[in-house]
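Enquirer: Have a look at this one before I ask anything.
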Amino acid sequence: MQVQIISIVIPVYNEEKNLPLLLKGLATVMDKTQKTYEIIFVNDASTDKSLETLKKLDSEYPHLRIISFSKNCGQSAAFDAGFKLSRGEIVVTLDADLQYDPRDIPRLLEKIRYYDVVCGWRKNRRDPWLKLVSTKVANGLRNRLSGENIKDTGCSLKAFRKCFLSEIKMYKGMHRFLPTLLKMQGAKVTEIEVRHLPRKYGRSKYNIRNRIFRSFADLLAVIWMKKRNLNYKMEVIK
Ligand code: UDP
Ligand code: MG
């Protein structure tokens, strides 16, 4: 029987203090699953010691792989690079900020046996109130205008069947719309509740200004794509 590989892809921008704890937590959980796995960190040109920290951790963790960008390109680019490097049939994504609990990963892996994409839903989200309110408004608007019903598309903790990810051409900001774009490719998408923790170290890279307006422009693009999606069934006659 062919061994299934799990690739965990994590974008990193100035997360030096989170990385040792995150890697330890991930390795503990993944070793227990007895699955073959790799953890791919994509350093998005951090200006702190994130890259040095990852290099130092390399000798302790045989499953660790590191990509590094020469300039900051954003989370979608980091995901894209990680997806391309990944060797697994299943790809799990999460943030490097310790706000997700690695113990939820086995639950995603169990669920993806029956689906193509499993999205985390932070039912009890632990973020500042302004972020909670703005995300709620953005999610409502996004779902309404794009005819979608995903509760928490901003949740990075997700699992994907790699064959679907390989079909997607990523653009800046598109990581927020992956479930919708993959549904357009015929993927079966579901959501499960995941834990969420307050950020202890480092800062969120997004604020209302750099998120809402850009995401709205991205939303218009996705609505257009959805409307103009080619959707034919054909029979080859001869
Ligand atoms: N990140 C990145 N490049 C960026 C911005 C963010 O690689 O330009 C990473 C960041 O280190 C984190 C993830 O993407 O692992 C999500 O960012 P963050 O946690 O700051 O966003 P939030 O969860 O607060 O919306
Ligand atoms: Mg985060």
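FYI, it's all coordinate maths here, none of it is from the lab. All of these numbers come straight from a predicted model, not from anything done at the bench. Please note: Cβ atoms are built from the backbone with ideal geometry, for glycine as well, and neighbour counts cover all protein chains shown.
Enquirer: Say each of Glu167 and Val137 gets a label point 7 Å from the Cα, pointing the same way as Cα to Cβ; how far apart are those two points in nm?
Expert: About 3.5 nm, to one decimal.
Enquirer: Would you work out which of Gln185, Ala221, Asn149 lies farthest towards the positive end of the dipole of segment 146-231, given +1 charges on the beta-carbon of Lys and Arg and -1 on that of Asp and Glu, about the Cα centre?
Expert: The Cα lying farthest towards the positive end belongs to Ala221.
Enquirer: Rounded to the nearest 5, what % of the DSSP beta bridges within the chain are antiparallel ones?
Expert: Around 25 percent of the beta bridges assigned by DSSP in the chain are antiparallel ones.
Enquirer: Taking the Cα centre of segment 150-222 as origin and charging only Cβ (+1 Lys, Arg; -1 Asp, Glu), how large is the dipole, in debye to the nearest 20?
Expert: Approximately 360 debye in magnitude.
Enquirer: Same structure, new question: Mark the label point 7 Å from the Cα of Asp48 along Cα→Cβ and return the residues of segment 9-33 whose backbone N is within less than 19 Å of it.
Expert: 10-26
Enquirer: Could you tell me the calculated FRET efficiency between Ile5 and Ser70, based on Cβ-Cβ distance and R0 = 25 angstrom, to the nearest 0.05?
Expert: 0.35
Enquirer: Separation of segment 151-224 and segment 54-112 by C-alpha centroid, Å?
Expert: Centre-to-centre (Cα) distance: 15 Å.
Enquirer: Let me ask something else. Which residues make up the longest stretch of the chain that has no chymotrypsin sites (Phe, Trp or Tyr not before Pro) in a DSSP loop with at most 11 other Cβ atoms within 10 Å?
Expert: The longest uninterrupted stretch comes out as 115-231.
Enquirer: OK, next. Please label the shape of the chain as rounded, prolate or oblate, based on the square roots a ≥ b ≥ c of the eigenvalues of the alpha-carbon gyration tensor (a/c under 1.5 means rounded; beyond that, a/b larger than b/c means prolate, else oblate).
Expert: It is oblate, given that a/c is not under 1.5 and a/b is not larger than b/c.
Enquirer: Is the shape of segment 59-193 rounded, prolate or oblate, going by the alpha carbon gyration tensor and its root eigenvalues a ≥ b ≥ c, with a/c under 1.5 for rounded and a/b larger than b/c for prolate?
Expert: The shape class here is rounded.
Enquirer: Quick check: from the Cα gyration tensor, does segment 68-123 come out rounded (a/c under 1.5), prolate or oblate?
Expert: oblate
Enquirer: Run the simple label-point estimate for Leu230 and Lys32 please: 7 Å along Cα→C-beta, distance reported in nm.
Expert: My value for the distance between the label points is 4.7 nm.
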